[in-house]
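Report on the following structure.
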Amino acid sequence: MKDTGRSLVESVESAVRDGLRGTGVLQAGDTVVVAVSGGTDSLCLLYALHRLSAELQLSLHVAHLDHMLRGAESQEDARFVSSRAESLGLSCTVESRDVAAYRDAHHCSLEEAAREVRYSFLREVAHRVGAVAVVTGHTRDDAVETVMLHILRGTGVHGLRGLEPASPCPYLPQDGVHRQALTLLRPMLQVSRSEAEECCRALGLEPREDATNASPAYLRNRIRLELLPSMRQLNPRIDDALLRLSGLAAEDDEYLASIARGLWEHLATDSKDRVDIEAAAFLESSPVLQSRLIFEAMVQLAGTARDVTAEHIVAVRDIAAHASGRQVDLPGGIIWRREHLALTAFRRSSAVDSTHSLMPESPVALDVPGEVEVAGGRVTARVVAPGEGESDSSCVAHIDAELAGNRLFVRRRKPGDRFRPLGMAGEKKLQDFMVDEHIASGARDRIPIVCSSSHIVWVAGWRVDDRVKVTAGTRDVLRLEFLREG
């Protein structure tokens, strides 16, 4: 942003005004949450928005989170922000969250934990006050640093987009009700960090500065303090070059996304905690579309794909090309697994919520026709004519209704279970079958076992029993289906 004779404060306000209007997100009367740490950038943003709020007809609500990482210093930050909001006559929410405890519980980096906890907090505040957007003080310098950060992490085209004026506000796997649509606005991307500092001085403000911003323990700090200054010696306009790269990447990425969205409609089935992609069709797609499908699944489940690198993409492609049961963990608490006919992504939290997602231990009667609710969905049964209702889905099975009998049950696997997998002459232990099929141990008690009064007839999603298979002599076909939740 260049100062063309107006005061610096007016120039910053103009940039913020243009930044907000350029997104087309806000309307007169809207409420927005302003994320304020107390540092230079967010304080500059707060005062610019306050001076513009009457003109733009916006209601402002200040939000500040104490990450509980710096003791008395962070508590003083909270008091500072609260007093600034009060002096401006603005409502304010100040809360504390134990980021270190979250990091330990979720086995992630401190940076990742802080970001996830912070956005969860901002979403909660937005939900309480009825805000349509969260506004942050990210500057032009932040945009440059983010592009470089993603390059160093080995991101693809998607990651090179960097920071954008408007994007969906990230959410956590456990956010539940707070996953409603919420926009993250960054109206200061044309304002440099030095201009924000000068603006604060012009307004007589004394921002609170976080000492950890100078710590070399964080990669972003090393990029800001070491890498970019060295690169500017080689190319004084490296910031402009990186932002041009980001803009071009955004154009390419949007084109690829438009193609992938059409493919997604045909290949993917998604619910709150899970995405299933047809494995065969996925493998037949071009590598670039495979990447886009993986990104889309991550956005569906984790709210963002910002930390997904080329290494992660290769890992998911690798398990897609191999036998069932292999899995890999990706950022945001998302696990990818190759199952029978699907490449599946699901929230780690849904897998480790120990008992609620298990099949019932005691048999539950399944009427014919009828259905029974089970963890993660329901199992249905109905009689059809031979050839009717056929499907390639592993979650649909056709068996001989007469051979299955008129009493069916659904339960969890149990020790000693045996059945005769379709195509085999003899019985096999269910445990051995699951091992041979590479079904992950954590998933085995979540598979519906459909039984007759005498034996297993279907391991849902995997194999029917050979003794109830449909033959040329079958008169009535029993169609079983496991309908996943969502």
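The values are calculated or read from the model by the stated rules, or taken from the named source; none is laboratory data. This is a predicted model, so every value here is computed, not measured. Cβ atoms come from the backbone with ideal geometry, glycine included; neighbour counts cover every protein chain shown. The protein model used for the area step is the full one, side chains on, heavy atoms only, and it has no ligands, DNA or RNA in it. Shrake-Rupley method; radii C 1.70, N 1.55, O 1.52, S 1.80 Å.
Under Stokes-Einstein, with the Kirkwood radius over Cα pairs standing in for Rh, what whole-number D in µm²/s applies to segment 90-233 at 25 °C and 0.890 mPa s? Mind showing how you got there, number by number?
Details: Rh = 17.2 Å.
It comes out at roughly 143 µm²/s.
Would you please calculate the Kirkwood hydrodynamic radius of segment 1-140 over all C-alpha pairs and express it in Å, rounded to one decimal?
Values: mean 1/r = 0.0625 Å⁻¹.
This gives a value of 16.0 Å.
Residue-wise, which Karplus ³J(HN,Hα) couplings in Hz belong to segment 119-130, taking 6.51 cos²θ - 1.76 cosθ + 1.60, θ = phi - 60°, and x for glycine or proline?
5, 4, 4, 4, 5, 4, 5, 4, 5, 5, 9, x
For the chain, with all protein chains present and a 1.4 Å probe, just round the carbon and sulfur fraction of the accessible area to a whole percent. Present the calculation step by step, with values, prior to reporting the outcome.
On the way: 11170 of 22430 Å².
That fraction is 50 percent.
Quick one: if the Förster radius is 22 Å, what FRET efficiency do residue 237 and residue 212 give, using the C-beta to C-beta distance and rounding to 0.05? The partial results should precede the final answer.
Values: r = 30 Å, r/R0 = 1.35.
With a Förster radius of 22 Å, E is 0.15.
Choose one of 322, 453, 167: the residue whose Cα lies farthest towards the positive end of the charge dipole of the chain (beta-carbon charges +1 Lys, Arg; -1 Asp, Glu; about the Cα centre).
453
Sorted by average packing, counted as other Cβ atoms within 10 angstrom per residue and highest first, what order do 302-313, 224-235 take? Present the calculation step by step, with values, prior to reporting the outcome.
Numbers: 302-313: 20.7, 224-235: 12.6.
Per-residue mean Cβ counts within 10 Å order the peptides as 302-313, 224-235.
When ligands, DNA and RNA are left out and all protein chains stay put, how many square angstrom of accessible area per residue does segment 89-132 have with a 1.4 Å probe? Don't jump to the answer; show the numbers that get you there.
Numbers: 2000 Å² over 44 residues.
It amounts to 46 Å² per residue over segment 89-132.
Take residue 322 and residue 371, extend 7 Å from each Cα along the Cα→Cβ direction, and tell me the distance between the two endpoints in nm.
3.6 nm
What does the extension gain come out to for residue 390 and residue 164, with contour length at 0.36 nm per residue minus their alpha carbon separation?
Details: separation 226, 0.36 × 226 = 81.36 nm, distance 4.66 nm.
Once the chain is fully extended between residue 390 and residue 164, it gains 76.7 nm.
How many lysine pairs does the chain hold where the Cα atoms are under 26 Å apart and the two sit 8 or more places apart or on different chains?
Numbers: 414/428; 414/429; 414/469; 428/469; 429/469.
Step by step, the pairs that qualify in the chain add up to 5.
Starting from the Cα of residue 432, step 7 Å along the direction of its Cβ; do the same at residue 54; then give the gap between the two resulting points in nm.
Distance between the two pseudo-spin positions: 8.3 nm.
Over what distance in Å are the Cα centres of segment 126-158 and segment 296-349 separated?
Using only Cα atoms to place each centre, the spacing works out to 23 Å.
Could you pull out every residue, at least 5 positions away or on a different chain, whose amide H is within less than 5 Å of the one on residue 470? Hs are placed 1.01 Å off N in the peptide plane, and Pro or chain starts have none.
HN-HN under 5 Å from residue 470: 400.
On alpha-carbon atoms, Rg over Rh for segment 106-153 using Kirkwood Rh? Before the final figure, lay out each step's value.
On the way: Rg = 13.7 Å, Rh = 12.8 Å.
Taking Rg over the Kirkwood Rh, I get 1.07.
Considering only the chain, what is the antiparallel percent among its DSSP beta bridges, to the nearest 5?
Just about 75 percent of them are antiparallel.
Between segment 205-252 and segment 413-472, what is the separation of their alpha carbon centroids in Å?
First find each Cα centre; the distance between them is then 56 Å.
Stokes-Einstein diffusion coefficient for the chain at 10 °C in a medium of 1.306 mPa s, Rh from the Kirkwood formula over Cα pairs: what value in µm²/s?
Values: Rh = 25.6 Å.
Stokes-Einstein gives a translational diffusion coefficient of 62 µm²/s.
Would you mind checking which residues have amide H under 5 Å from residue 418's amide H? H placed 1.01 Å from N; only 5 or more apart, or other chain.
430
Highest mean first, what order results for 158-166, 381-389 on Cβ atoms within 10 Å? Could the numbers behind the result be given before it?
Numbers: 158-166: 21.1, 381-389: 13.6.
So the peptides 158-166, 381-389, ranked by packing, come out 158-166, 381-389.
Kirkwood Rh over Cα pairs of segment 372-486 into Stokes-Einstein at 37 °C, 0.692 mPa s: D in µm²/s? Spell out each step's value before the answer.
Details: Rh = 14.4 Å.
After rounding, the answer is 229 µm²/s.
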